[in-house]
Amino acid sequence: MDCFLSVVYCNGFRQWTTDNGQRSVDFITFLQLIISGLAMGAIYALVALGFVLIYNAVGIVNFAQGEFIMIPAFFGITALVTWYLPVPVAYSLVLAAMVVFGLVFELIAYYPLRNRPFLPVVISTIGASILLKNLAQNIWGAIPLRFPGLFETGTLNLGGLRIGLQHLLILGVTLILLILQYLLFEKTLLGKKMQATAQDKQTARLMGIPINKMIALTFIYSALLGGVAALLVAPILNVTKDMGGPIALKAFSSSIIGGFGSIPGAILGGLFVGVIEAIAGKYYSAYTDGVAFFVLIAVLLFRPQGIFGERIAEKA
Amino acid sequence: MLKVKDIETYYGSIQALKGISLEVNEGEVVTLLGSNGAGKSTTLKTISGLLRPVRGTIEFMGERIDHLKPEVIVQKGIAHVPEGRKIFPGLTVRDNLMLGASGRVKLSKAQIAEEAEQMLELFPALKPFADKLGWTLSGGQQQMLAIARGLMARPKLLLLDEPSLGLAPVLVQEVFHIIRDINTRGTTILLVEQNAFMALKVAHRGYVMETGKIVLHDLATNLLNNEQVKRAYLGTTKAARRQVVG
């Protein structure tokens, strides 16, 4: 018992102690880690949702999902830094551009291959990813750029608990977005049609549902999620052509940890990875980026279907 | 109402339909009989636009439809209830019903919801499960839902593919009762069925298919007494027929 936390609380909710009385972790720091982890996890969740929605709609993993964050981040820099547009106008413009981007991406990378097996489509998304990164380097250069955030340096002090305003913004916007998404998918006929298309395209067509429109809408929505994630996370990262890769990989891991194909799984998987990563980063900072994949391997070993996934059993 | 002429349909390089011609007149129940692999379901899929014929024509209410997409064909008045029910498993019974009216683009959500409620009245067995997810229903309930969802399109012609497949005998009777009832209310039906005896009992006319071709066409009453049909699909003994009827 000497090494285990006994969760004995002392010093006015300021620290936890171990049985042997050693100070182990400052509770306030721990809470701050949780909140910053949840904020980063919210970004992973948004990107993971993009993965899952496209996978459910067309049965492929979009390997250009990382570029769905990188491109709007650069769009934002152009709008805010180059054109000096006011923040609301710039943000609206970025999101509008992502609507067009999502549609163009679908029309070029997916639509011509829609009747092919999944592999050519996956390769097409890999090709699109390489093209977009090269395009970004040609337009915006190879030097990392700074994205002017709304409150990247501001913090909120709650009795010693200091929370970054940007982190609060990320959590607040993600929560609102998830509520809106719930309303879209569960309360509108359009959302039901998108769900029906994801569940059974052939039957959806027999019902009169224009599935190509539904699939295009899914790509647009996924690009919009990337756009929102980019506007939220770019101020706390450097904007480079490769910025989307690590986020997308962790988001992909999150969606598998949650159960690939499951929307709640993508959200909770993202939050879980974000928190685990933040805690691990505090004590083993050299391994921060590896933690998500360590957790992924552990989940694949012990619960391959993920937290919310359904077990796929082979029939005898 | 429906004129199918010389259609040929392929799955890749395999020819599934080898020049099918058939007609369905308004108000009729017409059945397509045949063994597994004869091309019955392929015929329905070709009519509803899921498969495109390489040759031949399909006319519905005087208009060529063989080049149209399924989502357009349903708007013209043909609803296809596919084999295996194909209920959307993650959506509720009510949602499944509402989606059945997706082709009727002029209807508001409120109007569709109201019609879904009316449909639940017509299918009282579904009503207690209105807010349950599709996958939780039994096979019989799923079949009722599939037919009800097809009717939400307000079709002039309903294509039914194996509606009694896998159902308990008492449910088979109920499904055929519903088919007769739908027809009495004015909907024309093209029915694909393995249960030949029941299908011919409810149908006005029937076509018999073998390996992608129509080999026999007659009034249902004549087909019921046709020796060839009896041998191939109905069984010749009373015991065999009882088995078919369930």
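The values are calculated or read from the model by the stated rules, or taken from the named source; none is laboratory data. Because the structure is predicted, anything quoted here is derived from the model rather than measured. Counting neighbours? That spans all protein chains shown, and the Cβs are built from the backbone with ideal geometry, glycine included.
Among the listed residues B:T46, B:T92, identify the single one that is among the hydroxyl-bearing types (S, T, Y) and within 21 Å of B:E162 (Cβ to Cβ).
The unique qualifying residue is B:T46.
I need every pair where a residue in segment A:264-288 that is of a type in the set (S, T, N, Q) has its Cβ under 7 Å from the Cβ of a residue that is part of a helix (DSSP H, G or I) and surrounded by 16 or more Cβ atoms within 10 Å (Cβ to Cβ), sequence separation at least 6 or different chains.
A:T288/A:E277; A:T288/A:A280; A:T288/A:G281
With the checklist (1) assigned to a loop (DSSP other than H, G, I, E, B); (2) in contact (Cβ under 8 Å) with a residue 12 or more places away in the chain; (3) of a type outside the set (D, E); (4) more than 11 Å from every other protein chain (Cβ to nearest Cβ) in hand, flag the one item B:F88 doesn't pass.
So B:F88 meets the others, but not (4).
Quick one: which of B:L22, B:L44, B:L51 is part of a strand (DSSP E or B) and either out of contact with any Lys or Arg (no Cβ under 9 Å at 6 or more places or on another chain) or among the hydrophobic types (A, V, I, L, M, F, W, C) (or both)?
It is B:L22.
Give the residue that is farthest from the other protein chains (Cβ to nearest Cβ), with candidates limited to residues of segment B:31-68 that are small (G, A, S) and within 24 Å of A:M194 (Cβ to Cβ).
Result: B:G49.
Got a sec? Which of A:K241, A:K187 is over 16 Å from the mean Cα position of the chain (by Cα) and within 14 Å of another protein chain (Cβ to nearest Cβ)?
Going through A:K241, A:K187 in turn, the sole match is A:K187.
Which ones in segment B:95-110 are more than 7 Å from chain A (Cβ to nearest Cβ) and surrounded by fewer than 19 Cβ atoms within 10 Å (Cβ to Cβ)?
B:R104, B:V105, B:K106, B:L107, B:S108, B:A110
So A:V121 passes all but one of these: (1) in a helix (DSSP H, G or I); (2) surrounded by fewer than 18 Cβ atoms within 10 Å (Cβ to Cβ); (3) at pLDDT below 95. Which condition number does it fail?
It fails just one condition, (2).
When segment B:121-166 is examined, which residues are found to be within 20 Å of B:G186 (Cα to Cα) and among the basic types (K, R)?
Within segment B:121-166, B:R149, B:R154, B:K156 qualify.
Got a number for residues in segment B:159-215 being in contact with a strand residue (DSSP E or B) (Cβ under 8 Å, 6 or more places away or on another chain) and of a type in the set (G, A, S)?
Number satisfying all stated conditions: 5.
Test of understanding: among A:Q202, A:Q181, which residue is in a helix (DSSP H, G or I) and without any contact (Cβ under 8 Å) to a residue 12 or more places away in the chain?
Just one listed residue meets the conditions, A:Q202.
Evaluate the following for A:Q181: is it away from chain B (no Cβ under 14 Å) and closer than 28 Å to A:L271 by Cβ?
yes
Being out of contact with any Phe, Trp or Tyr (no Cβ under 9 Å at 6 or more places or on another chain) and either within 8 Å of another protein chain (Cβ to nearest Cβ) or in a helix (DSSP H, G or I) (or both) narrows it down to one of B:E71, B:E83, so name that one.
One residue alone meets the criteria, B:E71.
Looking at this structure, is A:A198 in contact with a helix residue (DSSP H, G or I) (Cβ under 7 Å, 6 or more places away or on another chain), under 18 Å from A:M40 (Cα atoms) and buried (at least 21 other Cβ atoms within 10 Å of the Cβ)?
no
Can you spot a residue in segment A:193-201 that is more than 14 Å from chain B (Cβ to nearest Cβ) and either in contact with a His (Cβ under 7 Å, 6 or more places away or on another chain) or closer than 30 Å to B:G150 by Cβ (or both)?
No, the conditions are met nowhere in segment A:193-201.
Taking A:R116, is it at pLDDT 85 or above, within 30 Å of B:G12 (Cα to Cα) and of a type in the set (K, R)?
Answer is yes for this residue.
I need the full set of residues from segment B:128-155 which are within 14 Å of chain A (Cβ to nearest Cβ) and of a type in the set (K, R), in order please.
Result: B:R149, B:R154.
Just one of A:L249, A:L300, A:L296, A:L231 is at pLDDT 90 or above and either within 29 Å of A:Q199 (Cβ to Cβ) or basic (K, R) (or both); which is it?
So the residue among A:L249, A:L300, A:L296, A:L231 that is at pLDDT 90 or above and either within 29 Å of A:Q199 (Cβ to Cβ) or basic (K, R) (or both) is A:L249.
Consider B:K76 carefully, then state whether it is among the basic types (K, R), within 12 Å of another protein chain (Cβ to nearest Cβ) and touching a helix residue (DSSP H, G or I) at 6+ places or on another chain (Cβ under 9 Å).
Judged against the criteria, B:K76 is not a match.
Kindly establish whether A:L206 is within 14 Å of chain B (Cβ to nearest Cβ) and either within 28 Å of B:L151 (Cα to Cα) or of a type outside the set (S, T, N, Q) (or both).
Taking the combined requirement at face value, the residue satisfies it.
Anything in segment A:184-194 that is assigned to a helix (DSSP H, G or I) and surrounded by fewer than 21 Cβ atoms within 10 Å (Cβ to Cβ)? List them, or say none.
Scanning segment A:184-194 gives A:L184, A:F185, A:E186, A:K187, A:L189, A:L190, A:G191.
Going through segment A:209-236 one residue at a time, which ones are more than 10 Å from chain B (Cβ to nearest Cβ), over 30 Å from A:P144 (Cα atoms) and of a type outside the set (A, V, I, L, M, F, W, C)?
Hit for segment A:209-236 is A:T218, nothing else.
Every residue, every condition in (1) part of a helix (DSSP H, G or I); (2) surrounded by fewer than 17 Cβ atoms within 10 Å (Cβ to Cβ), yes or no:
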site: A:G37; (1), (2): yes, no
site: A:A45; (1), (2): yes, no
site: A:N56; (1), (2): yes, no
site: A:I60; (1), (2): no, no
site: A:L80; (1), (2): yes, no
site: A:S92; (1), (2): yes, yes
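Please tell me if A:A109 is in contact with a helix residue (DSSP H, G or I) (Cβ under 6 Å, 6 or more places away or on another chain), within 24 Å of A:N238 (Cβ to Cβ), among the aliphatic types (A, V, I, L, M) and part of a helix (DSSP H, G or I).
Against the criterion (in contact with a helix residue (DSSP H, G or I) (Cβ under 6 Å, 6 or more places away or on another chain), within 24 Å of A:N238 (Cβ to Cβ), among the aliphatic types (A, V, I, L, M) and part of a helix (DSSP H, G or I)), A:A109 does not qualify.
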